[in-house]
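Asker: Pasting in a structure now, in structure tokens, and then I'll have a few things to ask.
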Amino acid sequence: MVVKHRSGSQPPPSGTVTFLFTDIEGSTRLWETQREAMTEALPRHDALLRQCIESRGGHIFKTAGDAFCAAFATAASAVEAALAAQRSLRAERWPEDAPIRARMALHTGAAEIRDGDYFGAPLNQVGRLLAAGHGGQTLVSEITHDLCRDRLPAETTLKSLGEHSLKDLARRETVFQLCHRDLPQAFPPLKTLLAPIDENMPSIAVLPFVNMSRDEENEYFADGLAEELLNVLSKIRGLRVASRTSAFSFKGTNVDIPTVAQKLNVATVLEGSVRKAGKRVRVTAQLIQVATDSHLWSDSYDRELEDIFAVQDDIAQSVVKELRSALLGEKSDASASAAVKAEIQAAAKGRGENVEAYRLYLQGRFFEDRSTREGMAKGVEYYRQALEIDPEYALAWAGLSRCYANQAGSSWLLPISEGFAKARNAAEQALRFESELAESQLAMGWIRMYHDWDWKAADSYLRRAVELAPGNADALRDTAILAGFLGRQDEPVALLRRAAVIDPLSAQVHRSLGRWCYFVGLFEEAEAALKKTLELNPLETRTHYYLGAVRLMQKRLDEALEEFQREEHDTFHLLGLALAHHARGEPAEAQAALQELSDKDPGGSAYQIAQGYAYLGAADVAFDWLERAYEQRDPGLANIKLDPLLHNLRGDPRWRPLLEKMKLADRA
């Protein structure tokens, strides 16, 4: 219900007014899942906001649910009120199940007053600015910044977040964030980045190049050429590139170009062929505009094998120049050519210069992408072979780090401590040889997030990865996972939906989307994403488990049991059986499954064992296993804030100390 207010005895500000809008992030879901806690928390939230606003001359003219709309005569007083409100909200001790994180926005402009309410464009703009922020964050428009930057409260700054396009507003403008030492300052990218993809942005899919050689071993060489082009192009700003996983899913098929473009949502397609004979290589490439079925560009190259990287760079430069010329109308002069060349050189960092090492790297990627025990082991083998040839190959070091971390996190071959130690060493090598490589940043970000639980450092690495490669679906996926670990309910799903647009045929992306939809209670979307995962890769581990967990929440117990029985990952197979049997009223079978898991893998599955006992209602045993998971640095423990299987533990006095040890108690 919307309520209009006439607060205070002073007349409401008129003319040029600074507006402060606030609301609680994720409040709808909190009301649905934690109604009792929200009933206790909301009056305290409202009282704090009202006191902070009115004591600084603010006029509250409207409230709607947990949202406040206030007007101030000066920008400086509005900033003071917002700062005071955020500091008060952060200092308050909220119910564990209903952490209050308010986002706020400030904008100044001329508005009309009618019947105690305000009307005009400034209100639309402050509303759009509010929608771009995150819980605990206060955003300030450019005009408000200009009006108050010399009259800020002590120890307060306004940090520029760069130019952004807000929904329904034609002009881009700089957005600022209110910063103070008492407030968190690290937030995910503004939600303007999650707006629908600009259909006018040049878009391209790089298909696997056809191997025209008689030797099948050259298949990886043809793939390598196409993948390197894709990797370079994905780092060029202003160009949307379909991810490798999705584009390469068409390898060996007879799907026509229009169908490929439709499935990948791109306007152009780059295809080609490679013929290798001895030390000579012939490469042909053509750039096709799908709407007109016309060639924007084509060329062929006869070169020595050692020149292959120069050929890659030449093709990439030609593609970028032609796309910008044909689709954006940019001039293709000497200056533009030089600028593109510099962009391509910067984007090609970390690839190495040895063709054989690259071939081995590509094989490592292929097996790593299978996400199986055997695939990860083979990935390690091929990455190590590549590094024996080229010890400074940053991409191979990053890939090796990912494999070691996955082996440790999945209890495949390597104990947690040993696996993450190896992963850290590999990530450090990747950063040593090429720090400004998105893959290097991602590798270390993953370790900081999953093993170290150093959320600030993880955020720093992941943000840098997104900056270096804004079209990298893996970077978006990992950023989403971090947001989920920190308990932000809406953000992981929004980011993963975007990742699925960039990488629509990636089983891993769809599984992650299904998993986080399950965590936040979006069961129908979770089911659809997990079914899509199995359609793309029937062998994708843990997918049947999460689909079974969704069925469990939907009370479809027979179907849940069936999915758990089909899960091939031993840990999640046994955990799923325990959950299903408990829900079906079969306590002996549930206990037997958990006991088998405890006997088989106490050193690698402590968190999953704790999940099982928590669901069974055995809180003491569950907390014992959670402590063991903490001591073992079990990566699963990072999930605790949103994990629905731990719901029974959240009212226990041991819960908050555990969150505090994980440095998650005050983060969202």
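Coordinate-derived values only; no laboratory data. Since this is a predicted model, take the numbers as computed values, not measurements. Cβ coordinates were reconstructed from backbone atoms using ideal geometry, including for glycine residues, and neighbour counts include every protein chain displayed.
Asker: Based on the alpha-carbon gyration tensor of segment 203-348 and its eigenvalue square roots a ≥ b ≥ c, which shape applies: rounded if a/c is under 1.5, prolate if not and a/b is larger than b/c, or oblate?
Answerer: oblate
Asker: Please give the length that would be gained between residue 28 and residue 346 if that part of the chain were fully extended, namely 0.36 nm times their separation in residues minus their C-alpha to C-alpha distance (nm, one decimal).
Answerer: Stretched out fully, the residue 28 to residue 346 stretch lengthens by 110.0 nm.
Asker: At a Förster radius of 45 Å, what calculated FRET efficiency corresponds to the Cβ-Cβ distance of residue 302 and residue 467, to the nearest 0.05?
Answerer: Efficiency computed from Cβ-Cβ geometry: 0.70.
Asker: What percent antiparallel are the DSSP beta bridges of segment 203-348, to the nearest 5? Display every interim value, and only then the final one.
Answerer: Values: 20 of 27 bridges.
If I count the DSSP bridges inside segment 203-348, around 75 percent turn out antiparallel.
Asker: Please give, to one decimal in nm, the separation of the simple spin-label points placed at residue 588 and residue 528, each 7 Å out from Cα toward the Cβ.
Answerer: About 4.3 nm separates the two model spin labels.
Asker: Taking the simple approach of a point 7 Å from Cα along Cα-to-Cβ for both residue 110 and residue 173, what is their distance in nm?
Answerer: Here the modelled spin labels are 1.5 nm apart.
Asker: Give me the dipole magnitude in Debye, nearest 20, for segment 354-470 about the Cα centre, with unit charges on the beta carbon: positive for Lys and Arg, negative for Asp and Glu.
Answerer: Roughly 280 debye, rounded to the nearest 20.
Asker: Quick one: plug the Kirkwood hydrodynamic radius of segment 1-132 (C-alpha pairs) into Stokes-Einstein at 20 °C, 1.002 mPa s, and report D in µm²/s.
Answerer: It diffuses with D of about 143 µm²/s by this estimate.
Asker: Between segment 98-141 and segment 40-90, what is the C-alpha centre distance in whole Å?
Answerer: Result: 12 Å between the Cα centres.
Asker: Here's a follow-up. Full extension from residue 421 to residue 159: what is 0.36 nm times the residue separation minus their Cα-Cα distance, to one decimal in nm?
Answerer: 90.7 nm
Asker: Please work out the C-alpha center-to-center distance from segment 595-668 to segment 411-444 and express it in whole Å.
Answerer: One Cα centre to the other: 26 Å.
Asker: Could you tell me which of rounded, prolate or oblate describes segment 354-470, using a ≥ b ≥ c as the square roots of the eigenvalues of the alpha-carbon gyration tensor, with rounded for a/c under 1.5 and, failing that, prolate when a/b is larger than b/c and oblate otherwise?
Answerer: Oblate shape, in that a/c is at least 1.5 and b/c is the bigger or equal ratio.
Asker: Follow-up question, since we're still on this one. Past 29 Å, Cα to Cα, is the threshold; run 532/555; 378/600; 276/532 against it and keep the listed order.
Answerer: 276/532
Asker: Relative to the present Cα-Cα distance, how much length would full extension add between residue 47 and residue 490 at 0.36 nm per residue of separation? Intermediate results must be reported in sequence, preceding the final value.
Answerer: Working: separation 443, 0.36 × 443 = 159.48 nm, distance 2.58 nm.
Between residue 47 and residue 490, full extension yields an extra 156.9 nm.
Asker: How many nm is it between the label spots at residue 337 and residue 456, if each spot is 7 Å from the Cα in line with the beta carbon?
Answerer: So the label points at residue 337 and residue 456 sit 5.0 nm apart.
Asker: Per the helix-only calculation at 222 nm, which mean residue ellipticity applies to the chain, given -39500 (n - 2.57) for every DSSP H run of n ≥ 4 and division by its residues, nearest 500 deg cm²/dmol?
Answerer: After summing the helix terms and dividing by residue count, I get -16500 deg cm²/dmol.
Asker: Answer rounded, prolate or oblate for the chain, using the Cα gyration tensor with square roots of eigenvalues a ≥ b ≥ c: rounded when a/c is under 1.5, else prolate when a/b is larger than b/c, else oblate.
Answerer: On the way: a/c = 2.08, a/b = 1.23, b/c = 1.70.
It comes out oblate by the Cα gyration axes.
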